[in-house]
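Okay, structure first, notes after.
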Amino acid sequence: MKQLRLWPQSLVGQIIILVAIALFVAQAINFGLLLRERNRVELTSQTAPLVYRVINALDTRPDRAPDRDHPRANQDRDRRNIDFFASRPTLSGKPRPDVAARAGAMFDDIGLTVRTIEAAEDSRIMPLRRWEQIRSRATGEPARDHRVGRLTLAVEYEPGKWLTTEARIGSRPPRFGGWLVAQTLILYVIVLIPLLWMGRRFARPLKQLTGSARQFAKTGSADPVEESGPGDVRQLTTAFNAMRARIIAMLDEKDRMLGAIGHDLRTPLASLRVRTESVEDEGERARMSETIEEMNRMLDDILSLARAGRSSEAAQKVDLTSLADAVVEDFIELGSPVDMIDSDRAVAFVRAQQIRRALRNLIENAIVYGDRAHVSVQHQDGMIRIIVADEGPGIAEDKMGEMMEPFTRLEGSRNRETGGAGLGLALVRAIMAEHGGALQLANRPGGGLEASLVLPA
């Protein structure tokens, strides 16, 4: 079961997630600023009527001499909701220090100096309106109480002299959370949908480029990628197509060079083989023939390793169990100690001749280094494993990776009788890589080495 990844792996997905997070943070900051401004406006709207009444009451209080030049001197004094006290009044309800602080700031802005400001909030039952009374008598249902908020402000304008005023608090402004959420969603739609479209337009040529690169790495050839998308992507595609063409030209030149080298080397070897027939000493003639044959096999291995990944053989559906059984039969006919363990049928798309060669190399190594080879085919973890086990001493764990490198052997000589030139495992690994598989080496618990050709099922 694959682990759920919350963070997307694609470039487009990461860009969209980052933009979405940035929009969310921006909207959160906007919400905070709007909430702060709404609270400030609400506080001002609650405090301003009380401050106005206090200023008006202080201008027209009874103990102050009338100023005939004052525009309100000849007007009736409006003392509704205004009470004067000779000591600190007791305010009922919940204290509102925010209102007191705001009132103090407003007094300072006006230039009015007061000593102490206190504010409190409570609620009171309002009398029924006339139509509510009529409806209650008509229906016989008791009228529900209507409670409204009341804000009281007490101001000490002179030492020991206080006045109080009160005002109703209107209903709080409607909450704008739902509106802000809707605004955020609309913003996401406006920003993210075009961004998603641009991202897909940007990612499509990159996906094609990635597919072509993978195909080229796997097969050594790939079709040119269509140059589309933004300018930067088109430049990248152009550079990739140019690099692809150059690499293919170099590989073709390498194949032609290898073919020429193989031909030029085999010609003198064939000439030497003919000349050995004139050698009278049978022992010397046999040794010379073996040397020439060894050089031919080494040349074949080198050329095969150099051409790895550029095989002209087409992949086809092959029964790997039958193929392994046929290879084992070839060795048995030559008198080699090889046996085939009963195995299940395993079918895969492979290049049969290459798999045959890889298997022959593993069996030859098992016979040379491990005295005997045991071949089997298994299905394991969605893969097909062609296993060649021997009865030899095995390989040290720290040497297994090194043994897959070209011209590397446990025994330092290049004598075929002791194992050859050290190209067998390197060639097998190259063949497996061309098939999308792997060569795996492991020591057996009971002794010996187990070499496995791992192929996709």
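The values are calculated or read from the model by the stated rules, or taken from the named source; none is laboratory data. Remember, predicted model here, so these are calculated numbers, not experimental data. Here Cβ is always computed from backbone atoms with ideal geometry, including for glycine, and neighbour counts include all displayed protein chains.
For G394, state whether it is surrounded by 18 or more Cβ atoms within 10 Å (Cβ to Cβ) and at pLDDT below 80.
no
If I go through the range 340-373 residue by residue, how many of them are among the basic types (K, R) and surrounded by fewer than 15 Cβ atoms within 10 Å (Cβ to Cβ)?
1
How many of the residues making up the range 209-239 are without any contact (Cβ under 8 Å) to a residue 24 or more places away in the chain and assigned to a helix (DSSP H, G or I)?
So the answer is 10.
Show the residue pairs meeting these rules: Cβ distance below 9 Å; 6+ apart or different chains; first residue within the range 157-175 and in the same structural domain as R96 (by TED's automatic domain parsing); second residue modelled with pLDDT under 85 and of a type in the set (S, T, N, Q).
Pairs that qualify, where the first residue is in the same structural domain as R96 (by TED's automatic domain parsing) and the partner is modelled with pLDDT under 85 and of a type in the set (S, T, N, Q), are T164/N81; T165/N81; E166/N81; A167/N81; I169/S123.
Sort through R168, R147 and tell me the only one that's assigned to a strand (DSSP E or B) and modelled with pLDDT of 70 or more.
When all the criteria are applied, what remains is R168.
Taking I386 as the residue in question, decide whether it is modelled with pLDDT of 90 or more, farther than 29 Å from D252 by Cβ and either in a strand (DSSP E or B) or over 51 Å from the mean Cα position of the chain (by Cα) (or both).
Here the answer is yes, as I386 does meet what is asked.
Pick from T47, T60: which is modelled with pLDDT of 85 or more and in contact with a Lys or Arg (Cβ under 7 Å, 6 or more places away or on another chain)?
Testing whether each residue is modelled with pLDDT of 85 or more and in contact with a Lys or Arg (Cβ under 7 Å, 6 or more places away or on another chain) leaves just T47.
Within the bounds of the range 176-190, is there any residue that is more than 23 Å from the chain's Cα centre (by Cα), in a loop (DSSP other than H, G, I, E, B) and modelled with pLDDT under 80?
Yes - at least one qualifying residue is present in the range 176-190.
Looking at the range 404-412, can you tell me whether even one residue there is surrounded by 19 or more Cβ atoms within 10 Å (Cβ to Cβ), in contact (Cβ under 8 Å) with a residue 40 or more places away in the chain and either closer than 16 Å to L441 by Cβ or out of contact with any Phe, Trp or Tyr (no Cβ under 6 Å at 6 or more places or on another chain) (or both)?
Scanning the range 404-412, I find no residue that is surrounded by 19 or more Cβ atoms within 10 Å (Cβ to Cβ), in contact (Cβ under 8 Å) with a residue 40 or more places away in the chain and either closer than 16 Å to L441 by Cβ or out of contact with any Phe, Trp or Tyr (no Cβ under 6 Å at 6 or more places or on another chain) (or both), so the answer is no.
Out of the range 210-225, which residues are modelled with pLDDT of 80 or more and not polar (S, T, N, Q)?
G211, A213, P224, V225
Residue check: is L112 outside any strand (DSSP E or B), modelled with pLDDT of 70 or more and closer than 22 Å to I82 by Cα?
yes
Quick test for you: out of A86, A26, A105, pick the one residue that is at pLDDT 85 or above and farther than 29 Å from R168 by Cα.
A26
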